Amino acid sequence: MTRPRNGGDLAVETLIALGARTAFGIPGQHALGLFDALQARPEVRFVSSRVENNAAFAADGHARLTGQVTPLLVSTGPGALLTLASLQESAAASAPVLCISSQIPTEGLGGARKGFLHELPDQPGVARGVVKSVHTVRRAGQIPSAIEAAWRSAAAAPAGPVWVEIPQDVLLAPTDVPEVAPGGVDGTPAPLEPRPELVEEAVRLLDAARRPAVLAGGGVSRAGAQGALLRLAERLQAPVACTFGGKDAFPWEHPLSLQSWLEDRHTTDYLESADVLLVVGSGLGELSSNYHTMAPRGRVVQIEADLGKLESNIPALAVHADAAAALEALADRVAARERSARAEAEAAEVKGKVAARLAGQDLDTEQRVLAAVRDALPDGAPSYWDMTILAYWAWSAWDPRGGAVHSAQGTGGLGYGLPAALGAAAGHDGPVLAVSGDGGAMYGIAELATARQHDLDVTWLIVDDGGYGILREYMNDAFGSASHTELARPDFTALATAFGVPAVRTTVERLAGDLKSALAAPGPSVVVLPALLRMFAPTHRD
């Protein structure tokens, strides 16, 4: 017997009409109306995780790779709360995740305290401090407009996670609201264009600069503004450094590239010395400013979509705009300069100084490991990095070669690598690399079941150093010894095999070959590298 249409149908119809084709999440009692509606509509591929925070990381990974608003469907109370740490990372990274959470029946809302399962006094209030916007539904007729508004909010620059809440009874009750037709809703946000007078002033400053430089952040990558940045940098003959969140914002081997050595004093010194420093798509936070030690001596022009980040750390000509719109406007207006041997030589000198400093620190093993991973991963393939020592190396030293590079450096939470890579694989044709330490790996080990169930093409490299390696280094440096950083851990290869996922234990010498073979084989795989890696010495305190 065919059941009548209900609020769950309305929600899924709206998502489809807005363009959703992949969704992530975990079913739960109050959300079953959503999932019943979803299973009847093959237009949307649903990837079911094992823990809600990992489902949210998967939605984040998919949203970052595709640039598309990505639905995350979870249940009330514990399920909803478990997404929040992951959504905090999405907020920091401007990943457009649309979380639809169910809610207890409406009769229990508003302080009624009926004692329903999963009841919270103020579920949307808990989310409000994490996400970009909250949209509550109390009647079925509100569902299409609420989801449409949430979609537009998630996509608008600066993009970010949003929250929609729909009570259980609204999802399940029959409705006579007409079916949401294609084109009936529109989640397209208004463009965030720079103000003309700010563009003209920025052009005036850049044209007058004798030694301009650029610091490009994640906002450039998210806006797809790499081409505009390249055109502007070449017209200005300005060297470009990239933040850890904007690794692919500028070609790594370009003669004007300063690459991403932001924790190196040589890079900081050079950016400080520019008479005009253009900062685009970055709020100049802790990592991007070399731990708030960067103090530019010239003028700063800051282009940033997040209004609250403008001039939050360094005084600047503040241009509130999407990076793509602002860079296109500047590239169209600045005067083109002749190719500058001086600028290229200065960029090469900075990179040479960085290399010389590293050469004096006995870090051959670390550089060999990172080079082996880079050699194994095909050009253009995306990679997702957990908070682990090899990832910290990759922030500075990894050449993207056309592939997206993502990590949890926005908030620094563990467990991002594997679930985010699984989300990316659901929207990518080809291999995806995930990198974790053994400590971070234990946060997402259950998602090996997700990888196998959905046959997602992710190779997971686990660097096993017996504990929380970076915390071990921090404690040894600060206190002379480390405590509570050593971990009992499983045989990761045996555990992966138990999930039906091929796995191999490798060595530094065999890593490139073993990883290349794993990446070439379709479906999920695990490569375990027992290795004790060290960080390069920081220079922000020099």
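The values are calculated or read from the model by the stated rules, or taken from the named source; none is laboratory data. Being a predicted model, the structure only gives us computed values, none of them experimental. No Cβ is skipped: glycine too gets one built from the backbone with ideal geometry, and neighbour counts run over all protein chains shown. The area values use the complete protein model at the heavy-atom level, side chains included, leaving out ligands, DNA and RNA. Shrake-Rupley method; radii C 1.70, N 1.55, O 1.52, S 1.80 Å.
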Practice task
Filter segment 470-507 for residues that are of a type in the set (Ser, Thr, Tyr) and touching an Asp or Glu at 6+ places or on another chain (Cβ under 7 Å) and give the result.
Solution key: 506
Handout entry: Only listed residue being aliphatic (A, V, I, L, M), out of contact with any Phe, Trp or Tyr (no Cβ under 7 Å at 6 or more places or on another chain), in a loop (DSSP other than H, G, I, E, B) and at pLDDT 95 or above, chosen from 241, 249
Key = 249
Handout entry: Subset of segment 465-483 (residues that are open to solvent by 50 Å² or more (accessible area, probe 1.4 Å), in contact with a Gly (Cβ under 9 Å, 6 or more places away or on another chain) and assigned to a loop (DSSP other than H, G, I, E, B))
Key = 468
Handout entry: Qualifying positions in segment 123-147 - touching a Ser or Thr at 6+ places or on another chain (Cβ under 8 Å) and open to solvent by 40 Å² or more (accessible area, probe 1.4 Å)
Key = 132, 138, 141
Completion exercise
For segment 324-339 the number of residues that are in a helix (DSSP H, G or I), in contact (Cβ under 8 Å) with a residue 24 or more places away in the chain and surrounded by fewer than 23 Cβ atoms within 10 Å (Cβ to Cβ) is 4
Practice task
Tell me which residues, restricted to segment 506-529, are out of contact with any helix residue (DSSP H, G or I) (no Cβ under 6 Å at 6 or more places or on another chain) and open to solvent by 50 Å² or more (accessible area, probe 1.4 Å).
Solution key: 509, 510, 517, 520, 522
Practice task
Go through the residues of segment 85-101 one by one and say whether even a single one is without any contact (Cβ under 8 Å) to a residue 60 or more places away in the chain and of a type outside the set (Val, Ile, Thr).
Solution key: no
Exercise for the section: Hey, can you tell me all the residues within segment 45-56 that are touching a helix residue (DSSP H, G or I) at 6+ places or on another chain (Cβ under 6 Å) and of a type in the set (A, V, I, L, M, F, W, C)? Expected result: 46, 56
Problem - segment 354-400: number of residues that are of a type in the set (Lys, Arg), at pLDDT below 95 and either more than 30 Å from residue 212 (Cα to Cα) or buried (at least 17 other Cβ atoms within 10 Å of the Cβ) (or both) - result: 0
Practice task
List every residue pair whose Cβ atoms lie under 7 Å apart, where the two residues are 6 or more positions apart in sequence or sit on different chains, the first residue falls within segment 115-138 and is closer than 15 Å to residue 150 by Cβ, and the second residue, located anywhere, is at pLDDT 95 or above and open to solvent by 70 Å² or more (accessible area, probe 1.4 Å).
Solution key: 130/88; 134/128
Practice task
Could you tell me which residue of segment 484-505 is nearest to residue 442 (Cα to Cα), considering only residues that are touching a helix residue (DSSP H, G or I) at 6+ places or on another chain (Cβ under 8 Å) and assigned to a helix (DSSP H, G or I)?
Solution key: 492
Handout entry: When residues of segment 7-41 are limited to those that are small (Gly, Ala, Ser) and within 24 Å of the chain's Cα centre (by Cα), the one surrounded by the fewest Cβ atoms within 10 Å (Cβ to Cβ)
Key = 19
Completion exercise
Within segment 425-458, residues part of a helix (DSSP H, G or I) and closer than 12 Å to residue 49 by Cβ come out as 444, 447, 448, 449, 450, 451, 453
Completion exercise
Restricted to segment 269-286 and to residues being modelled with pLDDT of 95 or more and part of a loop (DSSP other than H, G, I, E, B), the residue farthest from the chain's Cα centre (by Cα) is 275
Fill in the blank from the handout: Only one of 312, 289 is polar (S, T, N, Q), part of a loop (DSSP other than H, G, I, E, B) and open to solvent by less than 50 Å² (accessible area, probe 1.4 Å), namely 289
Exercise for the section: Kindly establish whether residue 427 is at positive phi, under 18 Å from the mean Cα position of the chain (by Cα) and open to solvent by 30 Å² or more (accessible area, probe 1.4 Å). Expected result: no
Exercise for the section: Filter segment 224-238 for residues that are crowded, with 24+ Cβ neighbours inside 10 Å and either in contact (Cβ under 8 Å) with a residue 60 or more places away in the chain or within 17 Å of the chain's Cα centre (by Cα) (or both) and give the result. Expected result: 225, 229, 232, 236, 238
Problem - Set 134, 69, 162: member being at pLDDT 95 or above and either touching an Asp or Glu at 6+ places or on another chain (Cβ under 8 Å) or more than 30 Å from residue 457 (Cβ to Cβ) (or both) - result: 134
Exercise for the section: Examine segment 239-252 for a residue that is touching an Asp or Glu at 6+ places or on another chain (Cβ under 6 Å) and open to solvent by 10 Å² or more (accessible area, probe 1.4 Å), and state whether such a residue exists. Expected result: yes
Problem - Matching option when the condition is of a type in the set (Gly, Ala, Ser) and open to solvent by 10 Å² or more (accessible area, probe 1.4 Å), among 451, 496, 408, 503 - result: 503
Exercise for the section: Keeping to segment 253-264, report how many residues are small (Gly, Ala, Ser) and either open to solvent by 10 Å² or more (accessible area, probe 1.4 Å) or under 20 Å from the mean Cα position of the chain (by Cα) (or both). Expected result: 1
Completion exercise
segment 140-216: helices (runs of 4 or more DSSP H) wholly inside it with 2 or more residues that are among the hydrophobic types (A, V, I, L, M, F, W, C) and closer than 30 Å to residue 270 by Cβ are 196-208
